[in-house]
Amino acid sequence: TPGPTPSAAPSAAVRDSAFLRACRREPVPHTPVWFMRQAGRSLPEYRKLREGIAMLDSCMMPDLITEITLQPVRRHKVDAAIFFSDIVVPLKAIGMDLDIKPGVGPVVAQPIRSKADLAQLRDLTPEDVPYVTEAVKQLTAELGGTPLIGFAGAPFTLASYLVEGGPSKNHEFTKAMMYGEPELWAALLDRLADITSQFLKVQIEAGASAVQLFDSWAGALSIADYRASVMPASAKVLASVASYDVPRIHFGVGTGELLGAMGEAGADVVGVDWRIPLDDAVRRIGPGKAVQGNLDPAVLFTPDATLRAKADEVLAAGRAAEGHIFNLGHGVLPNTDPERLTALVEHVHSASAR
Ligand code: 1CP
């Protein structure tokens, strides 16, 4: 049975783009490429626009979101745009007291440590995030044939910020709840799964043509703990948008041991960091999925010849996949020279031209 029809169905040009074709594991004219954190990291035109505007405020201003999202598409000619926002935006939108501190990241006023603290997490409705709907609509009009990727944080990664109260290296309070209070943990992840599902649906309904679920910190977990205590919530999110004709990308850092499970959770495309070669990742993930990745972002700091050789290694390993979307293994590093990113896009396109 056909799924729900988003109010803004993607154009034929978007549907036929190299990016969406690779997600669907169809033949492509060239390997599509985009970069995690391509918006709002290394671009001087981004820094200029953001002057005097706090990060979370900027995520609530449709015209600004649209312009920041378009900047890397214009400059680098990447094959997809990623919506400018942050994983904590839906939590802010339901009234949680949190902020994004410059140079730190998301910081939560009252960390979630008890059942009573769960009351901070109510359901998200489209009315909570009108600026997201508005910006996605503006973007799909402006982007022409370039697809727009919507995104959200996966329940585990969101839970880590909420339970720790901010960025964490060891995730000790988060894991303590997972191991010590399994019912509270399951309730928290289930709440977050519903909020995340709603946030993805808002973006899809407004016209996003793919979504990425960021479980950035899932690599901190053993495969057994991931399967038992985290995968069900992520699977709930991915299933909630399965009936849309929109590819689902599932990504985390340091997830070499989790790749199979992250695919099984309901991904069409599995994102891979730089720690394992893509052909190895393909064997771990199994058939029926595309892969995305996985150049070490530090390679952008090497001379041109090295950058091209390392990109060629990624392209060669990616040929083992039924579909390959070129990306970095994690986000663009803040001091990256934007001109190297443009050169990398050109190289990936010309070296992979069929
Ligand atoms: O003041 C500033 O400019 C803050 C810097 C910044 C920016 C530009 C933050 C704070 N978030 C963002 C935008 C953002 N966040 C995007 C934009 C679109 C793009 O990719 O270009 C995206 C996709 C995110 C998603 C995000 N936020 C993730 C998942 C992706 C990843 O990198 O793993 C995570 C973990 C966050 C949390 C977060 N927000 C900001 C920071 C510095 C962090 C990480 C903090 C930490 O280390 O825990």
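Here are some notes:
- Residue 110 meets all of the listed conditions (1) touching a helix residue (DSSP H, G or I) at 6+ places or on another chain (Cβ under 7 Å); (2) closer than 24 Å to residue 36 by Cα; (3) more than 13 Å from the ligand (Cβ to nearest atom); (4) free of Cβ contacts under 8 Å to residues at least 60 places away in the same chain but one, namely (2).
- Test: residue in region 203-215 that is of a type in the set (Val, Ile, Thr), within 15 Å of the ligand (Cβ to nearest atom) and in contact (Cβ under 8 Å) with a residue 24 or more places away in the chain: yes
Residue by residue, here is whether (1) on the phi > 0 side of the Ramachandran plot; (2) surrounded by fewer than 21 Cβ atoms within 10 Å (Cβ to Cβ); (3) at pLDDT 95 or above holds:
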position: 25; (1), (2), (3): yes, yes, yes
position: 30; (1), (2), (3): no, yes, yes
position: 35; (1), (2), (3): no, no, yes
position: 38; (1), (2), (3): no, no, yes
position: 60; (1), (2), (3): no, yes, yes
position: 67; (1), (2), (3): no, yes, yes
position: 73; (1), (2), (3): no, no, yes
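- Residue that is nearest to residue 165 (Cα to Cα) [pool: residues in region 133-149 that are part of a helix (DSSP H, G or I) and within 13 Å of the ligand (Cβ to nearest atom)]: 135
- If only residues of region 150-186 that are closer than 24 Å to residue 197 by Cβ and not in a helix (DSSP H, G or I) are counted, the one that is farthest from the ligand (Cβ to nearest atom) is 181.
- Of all residues in region 217-231 being in a loop (DSSP other than H, G, I, E, B) and crowded, with 22+ Cβ neighbours inside 10 Å, the one that is nearest to the ligand (Cβ to nearest atom): 217
- Selection count where residues are of a type in the set (Phe, Trp, Tyr) and either at pLDDT below 95 or in contact with a strand residue (DSSP E or B) (Cβ under 8 Å, 6 or more places away or on another chain) (or both), scope region 75-85: 1
- Cβ-Cβ contacts under 6 Å between residues 6 or more apart (or on different chains), taken from a first residue in region 155-175 that is on the phi < 0 side of the Ramachandran plot and of a type in the set (Phe, Trp, Tyr) to a second residue that is within 9 Å of the ligand (Cβ to nearest atom) and not in a helix (DSSP H, G or I), are listed as 156/215; 161/106.
- Verdict on residue 308 being touching a Leu at 6+ places or on another chain (Cβ under 7 Å), in a helix (DSSP H, G or I) and over 21 Å from residue 39 (Cα atoms): no
- Single residue of region 86-117 satisfying the filter (on the phi > 0 side of the Ramachandran plot and assigned to a loop (DSSP other than H, G, I, E, B)) that is modelled with the lowest pLDDT: 103
- Scanning region 13-29 for residues that are away from the ligand (no atom under 16 Å from the Cβ) and in a helix (DSSP H, G or I) yields 13, 14, 15, 18, 20, 21, 22, 23.
- Any hit, region 254-277, residues being surrounded by 23 or more Cβ atoms within 10 Å (Cβ to Cβ), assigned to a strand (DSSP E or B), of a type in the set (S, T, N, Q) and under 15 Å from the mean Cα position of the chain (by Cα): no
- Residues considered: 320, 305. Of these, the only one that is small (Gly, Ala, Ser) and in contact with an Asp or Glu (Cβ under 7 Å, 6 or more places away or on another chain) is 320.
Residue-by-condition table, conditions (1) of a type in the set (Lys, Arg); (2) on the phi > 0 side of the Ramachandran plot; (3) out of contact with any Leu (no Cβ under 6 Å at 6 or more places or on another chain):
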residue	(1), (2), (3)
221	no, no, yes
227	yes, no, yes
250	no, no, no
257	no, no, yes
274	no, no, yes
282	no, no, yes
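- The set of residues in region 232-253 that are of a type outside the set (Ser, Thr, Tyr), outside any strand (DSSP E or B) and away from the ligand (no atom under 14 Å from the Cβ) comprises 232, 233, 235, 236, 237, 238, 239, 241, 242, 245, 246, 247.
The values are calculated or read from the model by the stated rules, or taken from the named source; none is laboratory data. As the structure is a computational prediction, the values presented were derived from the model and not from experiment. For neighbour counting, all protein chains shown are included, and Cβ atoms are generated from backbone atoms with ideal geometry for every residue, glycine included.
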